[in-house]
Amino acid sequence: MKMKHKGILIVVSGFSGAGKGTLMKQLVRSYENYALSISMTTRKPRPGEEEGREYFFVDREEFEDKIKSDGLIEYANYCEHYYGTPREYVERQLERGKDVILEIEIQGALKVKEKFPTALLLFVMPPSVAELKKRLEGRGTESKEVIEKRLKRACEEAEGIEQYDYIVINDELEECVKEMHSLIQAAHYAPFRNEEFIEKMRKELAALG
Ligand code: 5GP
C-alpha cells in the first residue's frame, strides 16, 4: 500500500518495575524508524545510569527554567521529583517521519493525548503483582521506602489504565517487543491518522465527476 506515513507519538506508561526501560531499548534496537525521547529529571542517577542516555539529570532550578521557556511538551511530579519531555528532539524526529517513543507516567501521558490527539497510548503491565514486587526488589537500586512509594503509586496509576489504547503484558521480553511493534504498525493505518491521504483520495474521486 502506498501511503506516506508521518511519524506518530507513542506514549508508553506502566508501573515502576514493569520493565518499560528494557522493553523500549530492545524495541529501538530491533526495528528501524523509532526514536526514543530522553526525558529531563530532578531525580539522582541510579548506579549504571548515564547523563544523556537514560535521562538528562538536572537540578530543580534548571528544570523550572525549562518549564518557563516552554521547552517541555509535558512534565509531571512523580514521587517527589520532576520529570519532563524536552520539546525540540521530539518535534525534530516527528518531522523526519520517525515514530517517537515517550516513556512517561500517566499524568504526562494524558497531557500528551490532549495536545497530540493522534498519539498512541500503550500501558505495560507485569504478568502479576507478585512478579512486579520481585522485579522492583530484585533491581536492588531503590530503598525499601522508595519501593513502597512506587507500589503505592502503581495502585493509583492502575485506576487510569482504561484511558490507554492498549495494554501489553511484559512476560517474555522478545514476545512483548514484537507485540508492541505490531500494535504500533497497525495504529499507522487508523483512518484518523491518515486524514490527509483520505482527503486527497476523496478530492481525486470527486474530480472524476
Ligand atoms: P524512574 O525514576 O523509574 O526512571 O521513572 C519514574 C516514572 O517517571 C516512570 O513512570 C517513568 O515512565 C516516568 N517518566 C520518565 N520520564 C518522564 C517524563 O518526561 N515525563 C513524565 N510525565 N513522566 C516521566
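Diffusion coefficient of the stretch 89-147 by Stokes-Einstein, Kirkwood radius over Cα pairs, 4 °C, 1.567 mPa s: 91 µm²/s. Between Glu131, Glu195, Glu95, the GNM of the chain built on Cα springs shorter than 10 angstrom shows Glu195 fluctuating the most. The modelled label-to-label distance for the pair Glu159/Lys203, using points 7 Å beyond Cα in the direction of Cβ, is 4.7 nm.
Thinking of the stretch 77-209 as a set of Cα atoms, what percent of all their pairs are more than 21 Å apart?
Details: 4939 of 8778 pairs.
The proportion of pairs with Cα distances above 21 Å equals 56 percent.
Averaging sequence separations of C-alpha pairs under 8 Å and six or more residues apart, then dividing by the length of the stretch 124-209, give the relative contact order as a whole percent. This gives 30 percent for the stretch 124-209. Under 14 Å of direct C-alpha separation, and excluding same-chain neighbours fewer than eight residues apart, Lys111 reaches these aspartates and glutamates: Glu74, Glu103. Working from label points 7 Å from Cα in the Cα-to-Cβ sense, the Glu62 to His81 distance is 1.3 nm.
Here the 3J(HN,Hα) profile of the stretch 154-166, calculated from phi with Karplus coefficients 6.51, -1.76 and 1.60 at θ = phi - 60°, is 4, 4, 5, 5, 4, 5, x, 4, 5, 7, 8, 7, 9 Hz, Gly and Pro shown as x.
The amide H of Gly7, built 1.01 Å from its N in the peptide plane, has Gly97, Lys98 as neighbours under 5 Å, considering only residues 5 or more places off or on other chains.
For a test of the definition: using alpha carbon positions, the gyration tensor, and the 1.5 limit on a/c, classify the stretch 1-148 as rounded, prolate or oblate. Write out the running numbers ahead of the final one.
On the way: a/c = 1.83, a/b = 1.25, b/c = 1.46.
The shape class here is oblate.
Suppose a student asked you for the relative contact order of the chain, using Cα pairs under 8 Å spaced at least 6 residues apart; what percent would you report? List each step's numbers first, then the result.
Working: 289 pairs, mean separation 61.8, N = 209.
With pairs under 8 Å counted, the relative contact order is 30 percent.
Amide H contacts under 5 Å for Tyr78: Tyr83, restricted to partners 5 or more places along the chain or on a different chain, H placed in the peptide plane at 1.01 Å from N.
Only the coordinates and a few stated rules stand behind these numbers; no lab work does. Note that the structure is predicted; figures quoted are calculated from it, not measured. Here the Cβ is made from the backbone with ideal geometry for all residues, glycine too, and neighbour counts use every protein chain on show.
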